[in-house]
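Encoded as C-alpha cells, the structure appears first; notes follow it.
Where a number appears in this text, it was derived from the coordinates with a stated rule and is not lab data. For clarity, every value in this text was computed on a predicted model and none was experimentally measured. Note that each Cβ is placed from the backbone with ideal geometry, even for glycine, and that neighbours are counted across all protein chains shown.
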Amino acid sequence: MLNLFQDFPITSKLDSQAYGDNNSKITKEHLELNLGGITVEQAIQNKKLFILDHHDYLIPYLRRINATTTKAYATRTIFLLKDDGTLTPLAIELSKPHPQGDEHGPVTDVYVPAHEGPEAYIWLLAKAYVVVNDSCYHQLVSHWLNTHAVVEPFIIATNRHLSVVHPIYKLLFPHYRDTMNINSLARKALVNADGIIETTFLWGKYSLELSAVIYKDWVFPDQALPADLLKRGVAVKDDSSPHGVRLVIEDYPYASDGLEIWAAIKTWVTEYVSYYYKSDAVLKQDPELQAWWKELVEVGHGDLKDKSWWPKLQTREELIEASTTIIWTASALHAAVNFGQYPYGGYILNRPTLTRKFIPEKGSAEYDQLSKNPEKVFLSTITGKKETLIDLTVIEILSKHASDEVYLGQRDGGDNFTSDAEAVQAFKRFGKKLADIENTLAVKNTDATLKNRTGPAKLPYTLLYPSSKEGLTFRGIPNSISI
C-alpha cells in the first residue's frame, strides 16, 4: 500500500542480529537527481514524496522463496507527486539475501530512472520486480486477507448469536451473502497447497504463511476508510472538508470515490442504529449483541483478542462505526480490490505475478543481450506462458459479476426486510444517495484535469460505481464478497 514518505533515511524494524543491517541504501543524491531543484527535506515537508514498501515482511522469506524456481527481491520504491497530480518513481531499492547468511544483511542495489542504453532496460526490470511484489501483496493481503478472510469471523458470530429478527442481523446479513461458499471454493482451488495462487504467484508455497504473518498487524478500527487513509498519511484531518479528512493526493480515485461511499454507508447505518437503539444503555443491555461481539473478538479473531484497539461495543457510536466498517469491507473495499483485476492485470506486462531471474550483472552475456534483445530478457524474467494463461483465466472469472448479483443499496426481497417504516425510508434514502454518487463519479471521470482518471492509459476509475450489469464491467459494488 502507498504511504506518505515521512522519515528519512529509511530504517528497518527487523532484528539486526538475525537479519543484519536492513536500513535503506537510498540516499539524498539518489532522490535529488529528479526532484527539480528542491531538497529531500523540502519535498518531505511539502508532502511530495511517497513510499511503496515491500521490504521488511519479505526479508525473512527471501532465501526460501529464492530456493524455488522463482527469484525475488525485497523492494522499496520512492515516488514524487508531480504538479499534475500523478506519481513518478524516483528510486527503486532491490535487496536479496547475502550469500554468506542472513545475519550479514541483504545485498542491496539502488536504481534511478534511465532512458537509454542497457540502464534503461535495467530500470524497466527494476520496476517489474516492484510490480510483482505489489501483485502478490494485492492478491494475498489486500484481497484475500483483508476482505475474504477477516470477514468470516463476523459471519460466523452473527449467525451463532444474533437471531434472524434482530435488527443488527437484518442490517448485516445482506453483506454476508455467498461469502462462506466462495471462501470454501477458494480453499479448494485458489489458496490451497499447490493451488493456483501457489503456482502462479511469486510467494509460492509461502503465500498463506506470509498472509498469516501479516495478519498479526491487522487492526479492525483501521479498516475504516478514513482511518486507513490517515494511518498511511495520504490524508490529514480537516474538519472543514466534507468527510473530516483532506486528501494529500487530491486526485486519488480510490480514496476520493471511497470517501463518498463510506459516508453514504455510515449515514444509513447511523439512521438505522439510532432508530433501534435510543440510548447507549439499551445497547449495553442487549444480550444477543454483547454475546455476538464477545465471541467475535475472543474466538473469531482470537489471535488478536488482547489488543487494546478493539471497540468495547458499549455505545451507539461504537456500534455504528463497527457496522459501517463491516459493510464497507464486504462491499466497497472488496469491489475495489477484486473487480479491477482483469482490466488492470489482464495484460500481464502491466501486472506480472512472478519473476524467474535476478537482474543481469554487468559483464554477463545476458546483460549484453539487453541492448540486442531487451524484450527477450524481460519476457524470460516475468511470469511464463503457462502461468500467465492460468492467471488470466482465473482473474477474468473473478472480475465478472453474476446475473443474480445484489448491489449496495439493494436487498433481496426489496423493502420487505422489515415492517418498520422508518428503517425502510432510511434505506430508500441510502439507495438514492448511492445513485447520486454514481452520477458525481461519472462527471469526475470526464474531468481532463484529473490525470489519474483521464491520463495516457485512458482508463477512468469506475470500480466504485455502485451499480453494474452482469459480466466483466470494471464497475459495481455488490453487497457482499460473493466471488
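For residue 308 and residue 469, the difference between the fully extended length at 0.36 nm per residue and the C-alpha to C-alpha distance is 53.7 nm. Only one residue of 89, 153, 139 has its Cα farthest out toward the positive end of the dipole of the stretch 58-168, where Lys and Arg carry +1 and Asp and Glu -1 on Cβ, and that residue is 153. Charge dipole (Cα centre; +1 on Lys/Arg Cβ, -1 on Asp/Glu Cβ; no other charges) of the chain amounts to roughly 600 debye.
Listed cross-link partners 127/372; 278/305; 47/307; 47/362 are compared with a 25 Å cut-off, the Cα-Cα value being larger for 278/305; 47/307; 47/362. Dipole size of the stretch 39-157 about its Cα centre, with +1 on Lys/Arg Cβ and -1 on Asp/Glu Cβ: approximately 180 debye, rounded to the nearest 20. Taking other C-beta atoms within 10 angstrom as a stand-in for reagent exposure, 272, 347 fall in the order 347, 272, fewest first. Rounded to the nearest 0.05, the FRET efficiency derived from the C-beta distance between residue 13 and residue 68 at R0 = 35 Å is 0.85. Each of 359, 38, 481 has some number of other Cβ atoms within 10 Å of its Cβ, and from fewest to most they run 38, 359, 481. Taking Cα centre as origin and charging only the Cβ of basic (Lys, Arg, +1) and acidic (Asp, Glu, -1) residues, the dipole magnitude of the stretch 97-252 rounds to 860 debye.
By the count of other C-beta atoms within 10 Å, a proxy for reagent exposure, 76, 63 are ordered fewest to most as 63, 76. Subtracting the Cα-Cα distance of residue 442 and residue 389 from their residue separation scaled by 0.36 nm leaves 15.8 nm.
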